[in-house]
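Undergrad: Have a look at this one before I ask anything.
The values are calculated or read from the model by the stated rules, or taken from the named source; none is laboratory data. Just so we're clear, the structure is a prediction, and the values are computed from it rather than from any experiment. Because the Cβ atoms are built from the backbone with ideal geometry, glycine has one as well, and the counts that use them run over all protein chains shown.
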Amino acid sequence: MGRIYKETAKPSSSTASPSAPAVTTSTSITETVNGSHDFKITGYSLSKGIGIGKYIASDTFMVGGYSWAIYFYPDGKSVEDNATYVSLFIALASEGTDVRALFELTLMDQSGGERHKVHSHFGRALDSGPYTLKYRGSMWGYKRFFKRSTLEGSHYLKDDCLQVHCCVGVVRSNTEGPKIYSIPVPPSDIGQHFGQLLESGKGTDVNFEVDGEIFPAHKLVLAARSPVFRAQLYGPMKDQDTQCIKIEDMEAPVFKALLHFIYWDVLPDMEELTGMNSKWASTLMAQHLLAAADRYGLDRLRLLCEANLCEDVAINTVANTLALAEQHHCFQLKSVCLKFVALPENLRAVMQTDGFEYLKESCPRVLTELLEYVARITEHSIAIGKHGNEAQNTMESSEDSAKTAIITTARHKCAACFKQYKKKEHLVAHMKVSYHSVHQPQCGVCQKHCKSFASLREHTTGLLAKGNCSKIFAERGCTLCMRIFDSPASLCEHLESCCLPAPFPLDLVTESQIDINGSGRIPEAIAMDCEMVGGGSDGSLDICARVCLVDEDEKPIFHTYVVPLIPVTDYRNEVTGITEENMRDAMPLKEVQDKILQILYNGESIGILRLHGGKARVLVGHSLGHDLNCLRMNYPDHLLRDTAKYPPLMKTNLVSHSLKYLTKTYLGYDIQSGLHDPYEDCVSAMRLYKRMRSQCHPRKGMGMLLAAAHSPSTNTFDSWKPKELENMTPDELFSISKSNYKCWCLDSGPLLS
């Protein structure tokens, strides 16, 4: 706790009278919110030689609303000390400015003698007050925490293991007025009341038959907790018999656990539920419950199951858990499982399990990702083993709060992603399969190329961002277009044009006329968006009910409602705003198709269109494949610009970001805050396309190799010869590598700054 300062406002006269001012009091309270974290470092001897300025990081932990991490430098942080000392620091790992805190770092005595090595702010007066961390990445600690030779012969190192205890006290201040009355309020017990309601069986109005067992429940409770139950019990296509619903493909104990969570909002006791006192049974139940949570849209239950499965990863269950994570898109759980399986001491044992055979059959794609993890671990092990003889390190000179960047030999380093390789042929093999390109997003500080803008953001602003890159980007980098400017003033001037305003509603915009049979040689871009209503027995079948097209000037050139080919069972009015009345003046689908194709073809013949496009117009949109399918139309792939499938804008190789996220992240404004507006979505897709198209990627000094690499008629992979490649520099290898996507900067047309 910090000091408490009390201020009392008194009247100017001590004589009590009816006109005398009232006495008021207020209390300024400055205190610390404390938290601690234990960091165990095993395999200390293997970490030696990792390099000066390189650290081993703990997991992040929360104290006072901020994320923190412990950084241990086995070879020290300062190059001047020549690896004589180990360094230990606490780092601010989340966004924050001028965070004031007290710290304590303790190296634990493992002999039982309680002679810990402690450096602490707590319990003593500080001349300059608490330490202030100015921004994310700022650190407090000691470059010369312990002399390495002394540490290795001390009681602090036991079984090649070190234990560090860290305390953080975040300083908080607030002012409180007088509290006349104070009544303690108990925590919410609504879950307990709902749970007792389920156990009592009173008021139940629906039964579920699961594996021959009957479970009574309350429709309103289920509908309030699960969107799937809500649609099943109250939706337009609800089940005819809602008194007794039969659940297929689920075991009775799993459904019982599902109901327990819906009513109690906590997981049941797995051992009590399964009747078995074993981790294997609990893990099996958590796996089934995760699938059930995904089936019924219970996101919190799904995360609870993921967390339990992460904690109980084991040799005999991890393969099944990995397959489950892949099938239900649990990316965090999948990452944990891949890292566990890829460890050399685990891989062979996991491959002997029945679950691994199931993984190979059901999710063969995961095996490719697993091989990548194994390769990374192998390369990292080789790098650590050889580092003492081969690597030369330098450290950026900056204050303690900045992270360090290590520059190692570039003889076998990829010129794009900076990966290191022991042999030149390994680098050549990497370049053949990595599909690097000068068109990939690039860090403006260190020139590293990233697979996507999401990776570039992680590189410059993530929790483990590079120190120099993070610092410069924080001062002069645009978070929308990811460019870095010469000065903060230039950045401010740029932001005025980079952060775009939201478009006007469609009813306030004048429809534009376009030259349908235009003769221009340069293809224009047209953005399209469709709004869907529901068809089929359950309303889940997407039917195009509204379509909008805009030109590059963001003017609507075509907008209409579309007559559905099958009956509409769900207008999805709360999202689309479409009603049955809107469809009375709708245009038949065939006329809509003809109109759109007339605009897109631009008078070009089908043969030329399919061959290279000619003067046909480029079609821009988000998830264009889905929209075209619903319109029952085809358009050549080389004329499609889909913001959901453009690699630099994707979350991963297989997962796309939503248009709402892309608009907020890259354009700076919000969309879809109310009813979906196809014009608004069209404008966002067009602006994203123009922003990506406006980038200029080719680098200077790459010569004819670079020009050849970007020639549309050149396929450099076919002519690769190992002997020729062995004589090339990494830059030359990079220049002839070929990207697996066509960069939009190669399109012609006006740019978006």
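Undergrad: Hey, does segment 610-631 have a residue that's of a type in the set (A, V, I, L, M) and at pLDDT below 85? So that I can check it myself, show each step before the final result.
TA: Within segment 610-631, the first condition is being of a type in the set (A, V, I, L, M), and the residues that meet it are 611, 616, 618-620, 624, 628, 631.
Next, only the ones that are at pLDDT below 85 stay: 611.
The answer is yes; a qualifying residue exists.
Undergrad: Okay, next question. From 146, 72, 89, which residue is part of a strand (DSSP E or B), in contact (Cβ under 8 Å) with a residue 24 or more places away in the chain, farther than 18 Å from residue 167 by Cα and of a type in the set (A, V, I, L, M, F, W, C)? So that I can check it myself, show each step before the final result.
TA: Details: 72 fails: farther than 18 Å from residue 167 by Cα; 89 fails: farther than 18 Å from residue 167 by Cα.
Being part of a strand (DSSP E or B), in contact (Cβ under 8 Å) with a residue 24 or more places away in the chain, farther than 18 Å from residue 167 by Cα and of a type in the set (A, V, I, L, M, F, W, C) holds for just one of 146, 72, 89, which is 146.
Undergrad: Looking at (1) of a type in the set (A, V, I, L, M); (2) in contact (Cβ under 8 Å) with a residue 60 or more places away in the chain; (3) surrounded by fewer than 18 Cβ atoms within 10 Å (Cβ to Cβ), which is the only condition residue 532 fails?
TA: (3)
Undergrad: Something else now. Please go through segment 92-110 and pick out each residue that is modelled with pLDDT of 85 or more and either loosely packed, with under 13 Cβ neighbours inside 10 Å or not in a loop (DSSP other than H, G, I, E, B) (or both).
TA: 92, 99, 100, 101, 102, 103, 104, 105, 106, 107
Undergrad: Can I ask one more? Determine if segment 200-207 includes at least one residue that is more than 30 Å from residue 266 (Cα to Cα), β-branched (Val, Ile, Thr) and surrounded by 13 or more Cβ atoms within 10 Å (Cβ to Cβ).
TA: Applying the first criterion (more than 30 Å from residue 266 (Cα to Cα)) to segment 200-207 yields none.
Within segment 200-207 (the criterion being more than 30 Å from residue 266 (Cα to Cα), β-branched (Val, Ile, Thr) and surrounded by 13 or more Cβ atoms within 10 Å (Cβ to Cβ)), the answer is no, since none of the residues qualifies.
Undergrad: For residues that are crowded, with 19+ Cβ neighbours inside 10 Å and either part of a strand (DSSP E or B) or polar (S, T, N, Q) (or both), tally how many sit in segment 535-555.
TA: Here the count works out to 9.
Undergrad: Kindly provide the set of residues from segment 46-69 that are among the hydroxyl-bearing types (Ser, Thr, Tyr) and over 16 Å from residue 145 (Cα atoms), ordered by number. Full working, then the answer.
TA: Here is the first cut: in segment 46-69, the residues among the hydroxyl-bearing types (Ser, Thr, Tyr) are 47, 55, 58, 60, 66-67.
Those that are among the hydroxyl-bearing types (Ser, Thr, Tyr) and over 16 Å from residue 145 (Cα atoms): 47, 58, 60, 66, 67.
Undergrad: So residue 329 clears everything in (1) assigned to a helix (DSSP H, G or I); (2) within 20 Å of the chain's Cα centre (by Cα) except one condition, right? Which one?
TA: Failed condition: (1).
Undergrad: Answer yes if at least one residue in segment 662-679 is modelled with pLDDT under 75 and surrounded by 14 or more Cβ atoms within 10 Å (Cβ to Cβ), and no otherwise.
TA: To start, the set of residues in segment 662-679 that are modelled with pLDDT under 75 comprises none.
Within segment 662-679 (the criterion being modelled with pLDDT under 75 and surrounded by 14 or more Cβ atoms within 10 Å (Cβ to Cβ)), the answer is no, since none of the residues qualifies.
Undergrad: With respect to residue 168, is the statement that it is modelled with pLDDT of 90 or more and among the hydrophobic types (A, V, I, L, M, F, W, C) true? Don't jump to the end; show me each part of the working.
TA: Numbers: modelled with pLDDT of 90 or more: yes; among the hydrophobic types (A, V, I, L, M, F, W, C): yes.
Spelling it out, residue 168 is indeed modelled with pLDDT of 90 or more and among the hydrophobic types (A, V, I, L, M, F, W, C).
Undergrad: Turning to a different aspect of this structure: Please specify each residue of segment 191-213 satisfying the condition of being outside any loop (DSSP other than H, G, I, E, B) and touching a residue at least 24 places away in the same chain (Cβ under 8 Å).
TA: The initial filter retains those residues of segment 191-213 that are outside any loop (DSSP other than H, G, I, E, B), namely 191-200, 206-210, 213.
Result: 191, 192, 194, 195, 197, 198, 206, 207, 208, 209, 210, 213.
Undergrad: Let me spell it out: the conditions are (1) among the aliphatic types (A, V, I, L, M); (2) crowded, with 18+ Cβ neighbours inside 10 Å; (3) free of Cβ contacts under 8 Å to residues at least 60 places away in the same chain; (4) farther than 19 Å from residue 121 by Cβ, and residue 83 meets all of them except one. Which number is the exception?
TA: (3)
Undergrad: Is it true that residue 135 is more than 21 Å from residue 41 (Cβ to Cβ), in contact (Cβ under 8 Å) with a residue 24 or more places away in the chain and among the hydroxyl-bearing types (Ser, Thr, Tyr)? Before you say what the answer is, go through the steps one by one.
TA: Numbers: more than 21 Å from residue 41 (Cβ to Cβ): yes; in contact (Cβ under 8 Å) with a residue 24 or more places away in the chain: yes; among the hydroxyl-bearing types (Ser, Thr, Tyr): yes.
It is true that residue 135 is more than 21 Å from residue 41 (Cβ to Cβ), in contact (Cβ under 8 Å) with a residue 24 or more places away in the chain and among the hydroxyl-bearing types (Ser, Thr, Tyr).
Undergrad: A further question follows. Quick test for you: out of 595, 645, 615, 590, pick the one residue that is touching a Phe, Trp or Tyr at 6+ places or on another chain (Cβ under 8 Å), of a type in the set (Lys, Arg) and at negative phi.
TA: Values: 645 fails: touching a Phe, Trp or Tyr at 6+ places or on another chain (Cβ under 8 Å); 615 fails: touching a Phe, Trp or Tyr at 6+ places or on another chain (Cβ under 8 Å); 590 fails: touching a Phe, Trp or Tyr at 6+ places or on another chain (Cβ under 8 Å).
Residue meeting the stated conditions: 595.
Undergrad: Something else: Somewhere in segment 614-631, is a residue over 18 Å from residue 558 (Cα atoms), more than 25 Å from the chain's Cα centre (by Cα), in the same structural domain as residue 578 (by TED's automatic domain parsing) and charged (D, E, K, R)? It would help to see each step written out before you state the result.
TA: From segment 614-631, those over 18 Å from residue 558 (Cα atoms) are 614-615, 623, 625-626, 629; that's our starting set.
Those still in the list that are more than 25 Å from the chain's Cα centre (by Cα) too: 614-615, 629.
Checking the rest, the ones that are also in the same structural domain as residue 578 (by TED's automatic domain parsing) come to 614-615, 629.
Filter again for charged (D, E, K, R), leaving 615.
Looking through segment 614-631, at least one residue is over 18 Å from residue 558 (Cα atoms), more than 25 Å from the chain's Cα centre (by Cα), in the same structural domain as residue 578 (by TED's automatic domain parsing) and charged (D, E, K, R).
Undergrad: Go over the candidates 343, 324, 289 one by one and state the one that is touching a residue at least 12 places away in the same chain (Cβ under 8 Å), buried (at least 18 other Cβ atoms within 10 Å of the Cβ) and either more than 22 Å from the chain's Cα centre (by Cα) or at positive phi (or both). Full working, then the answer.
TA: Numbers: 343 fails: buried (at least 18 other Cβ atoms within 10 Å of the Cβ); 324 fails: either more than 22 Å from the chain's Cα centre (by Cα) or at positive phi (or both).
Only one candidate passes the filter, namely 289.
Undergrad: Part of a helix (DSSP H, G or I), crowded, with 17+ Cβ neighbours inside 10 Å and touching a residue at least 12 places away in the same chain (Cβ under 8 Å): is that true of residue 336 in this structure? Steps first, please.
TA: On the way: part of a helix (DSSP H, G or I): yes; crowded, with 17+ Cβ neighbours inside 10 Å: yes; touching a residue at least 12 places away in the same chain (Cβ under 8 Å): yes.
Here the answer is yes, as residue 336 does meet what is asked.
Undergrad: For residues that are within 13 Å of residue 543 (Cβ to Cβ) and surrounded by fewer than 18 Cβ atoms within 10 Å (Cβ to Cβ), tally how many sit in segment 573-591. Before you say what the answer is, go through the steps one by one.
TA: From segment 573-591, those within 13 Å of residue 543 (Cβ to Cβ) are 576, 578, 583, 586, 589; that's our starting set.
Those left that are additionally surrounded by fewer than 18 Cβ atoms within 10 Å (Cβ to Cβ): 583, 586.
Of the residues in segment 573-591, 2 are within 13 Å of residue 543 (Cβ to Cβ) and surrounded by fewer than 18 Cβ atoms within 10 Å (Cβ to Cβ).
Undergrad: Something else: Quick one: which of 250, 237 is modelled with pLDDT under 90, farther than 20 Å from residue 570 by Cα and not in a helix (DSSP H, G or I)? Can you show your working first?
TA: On the way: 237 fails: farther than 20 Å from residue 570 by Cα.
Of 250, 237, the one residue that is modelled with pLDDT under 90, farther than 20 Å from residue 570 by Cα and not in a helix (DSSP H, G or I) is 250.
Undergrad: To continue, here is another question. When only residues in segment 306-321 that are part of a helix (DSSP H, G or I) and over 20 Å from the mean Cα position of the chain (by Cα) count, which is farthest from residue 271 (Cα to Cα)?
TA: If we filter segment 306-321 for residues that are part of a helix (DSSP H, G or I), which is where we start, we get 306-311, 318-321.
So of that shortlist, the ones also over 20 Å from the mean Cα position of the chain (by Cα) come out as 308-309, 311, 318-321.
Working: 308: 13, 309: 15, 311: 16, 318: 20, 319: 22, 320: 20, 321: 19 Å.
Ranking the qualifying residues of segment 306-321, first place goes to 319.
Undergrad: Taking segment 618-661 on its own, how many of its residues are surrounded by fewer than 19 Cβ atoms within 10 Å (Cβ to Cβ), hydroxyl-bearing (Ser, Thr, Tyr) and closer than 21 Å to residue 455 by Cα?
TA: 4
Undergrad: Hey, does segment 215-224 have a residue that's surrounded by 13 or more Cβ atoms within 10 Å (Cβ to Cβ), at pLDDT below 90 and either closer than 30 Å to residue 567 by Cβ or of a type outside the set (Gly, Ala, Ser) (or both)?
TA: No.
Conditions (1) aliphatic (A, V, I, L, M); (2) more than 30 Å from residue 369 (Cβ to Cβ); (3) at pLDDT below 80, marked per residue:
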residue	(1), (2), (3)
474	yes, yes, no
508	yes, yes, yes
519	no, yes, yes
529	no, yes, no
